[in-house]
Every structure is written in C-alpha cells, then in structure tokens.
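Report on the structure given below.
The values are calculated or read from the model by the stated rules, or taken from the named source; none is laboratory data. It should be emphasised that the depicted structure is a prediction, and the values quoted were computed from it without experimental measurement. We place every Cβ from the backbone using ideal geometry, glycine too, and count neighbours over all the protein chains shown. For accessibility, only protein heavy atoms count, side chains too; no ligands or nucleic acids. Shrake-Rupley method; radii C 1.70, N 1.55, O 1.52, S 1.80 Å.
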Amino acid sequence: MRLPNSEHESHAWRIAEIAPDFRLEDVWALPAQGGPGDFATLLEVMASLDPAHGGSRATRVLFSVRYRIGGWLGWDDAPRRLEIPDDSETTLRARLPEDLRDTTAGLDRSSYGFQPLYRTDVEWASEISNRTVHAVMHLAWVEQGEGLYQGQMGVYVKPRGRFGTAYMAAIAPFRHRVVYPALMRQVERAWNDRMGQQRGAGAGGALTAPSAPQA
C-alpha cells in the first residue's frame, strides 16, 4: 500500500503551496474506500486510532522505546515553541491563505501530538514539532473513478539539522516495515467497522462489509 511520491505529487494539493520547503517522506494508500461524501468519516476514523497503544506488539514496543529515549533526551519537551527549520515562524498556520484559515473547527489530533492546520472537501493537514523534526500529516480523498474515492496519507518533514536528518534515516526501516503496516491494519478494521455500521443503519440492520481496497 506504499505509493511512489509521484502519485501524491500528481495532484494539486494545497499543502504544496503551504510547505514547499518540506520533503515528502512517505505516501500510503489507506485501506478506506467510499463515496465523495465519506471524507469526514475517514477523518473520524483516523482520529480514533492510537498507534502507540494499539496494533502489533512490535509497534507498541517501538513507540515505548521512542518515548522513553525522547524523555531522557528532551526531544519532546521543548521549553518554548521551536521555529520551523530555516524559518522565523513556529507554525505553518502563519502561511495559510485566507480561505484555509479557521477550517479545522472540531478536528482534534491531540492524542498524536499533531495540531490541525486546515481542511477542504478532500484534504486535511496537521503539523507536529519537536527537537528532531517539524512534520506534516496530510490526508486526502482521492477520486478513483465511477464515484469511488480512496484515502491517501502523505508525510512531509523538515528535519532539524544533521541530527534530525540522521534520525529520520535511522527510523525509516522501522516505519516502513513495522509502524505503517500496523497502522494500515488498524485503519482497515476501523473503516470496515464504521462503514458496516452506516450500511446497517441505512438498511435496517443488514450489514455489508466493503470490498478490500487494492494496494
């Protein structure tokens, strides 16, 4: 389900104009398919997940180790808001055009440490900042044809100096082989449960699970 960066970059996402100096690190096709009006459901599903405490045992161990090391070294406990690398601003919200400001009311990703940036009918973005990196999670609802849409997740990063760059390189194998696959399984279960509930409510209790998305 991992996609080439070109697949994400072939779309005119608004994040490209807001974070042109950030590197697109990862792109994944989410196991979530639906109609044009189901993007809000995807956001609800993603907000309900907790990768640090759910999923596989290996994922929980990795998050535990990361948080413990981060606590020892103070990676996540900055005494003040850190500036975006090579920028005087501390948040990408300062770069938002007028039409994207105040579009995230009711959307909270605090359990992840991410702060919402903006939302459109087919995009949602949030940011996180610590001593290693300033990063953006971008969720999109991508048209597949014939009224079908599929979720897509892109991760943009701007490492803090050589240490941040080395850190991102060091954890890449764990992200790709352990963390993201476990997250995809969580997304698939939660999405199928949510869509099954909606279909059951609409059909008087008859549940029909959606077909599995193609990678």
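What does the highest-first list of 177-184, 27-34 look like by mean Cβ count within 10 Å? The partial results should precede the final answer.
On the way: 177-184: 18.1, 27-34: 21.9.
In descending order of packing, they fall as 27-34, 177-184.
For the pair E98/A170, report the inter-label distance in nm, with labels modelled 7 Å from Cα in the Cβ direction.
4.7 nm
Using a 1.4 Å probe on the protein heavy atoms, what percent of the accessible area of the stretch 83-194 belongs to carbon and sulfur? Intermediate results must be reported in sequence, preceding the final value.
Values: 2560 of 5300 Å².
Reported share for carbon and sulfur atoms: 48 percent.
Which length gain, in nm to one decimal place, applies between A105 and A40 when the Cα-Cα distance is subtracted from 0.36 nm times their residue separation?
Additional length available on full extension: 22.1 nm.
Please report the net charge: other residues with Cβ closer than 9 Å to the Cβ of K158, K and R +1, D and E -1. The partial results should precede the final answer.
Details: positive: R23, R160; negative: D21, D86, D87.
Here the charged neighbours net out to -1.
List every residue whose amide H lies under 5 Å from the amide H of R160, counting only residues 5 or more places away in sequence or on a different chain, with H placed 1.01 Å from N in the peptide plane.
V133, H134, T165
Taking R0 as 35 Å, what FRET efficiency do you get between R185 and R81 from their Cβ-Cβ distance, rounded to the nearest 0.05?
Calculated transfer efficiency: 0.55.
Tell me which residues come under 5 Å, amide H to amide H, from G113 once H is placed; ignore anything under 5 positions away on its chain.
Excluding prolines and chain starts, which carry no amide H, there are no hits.
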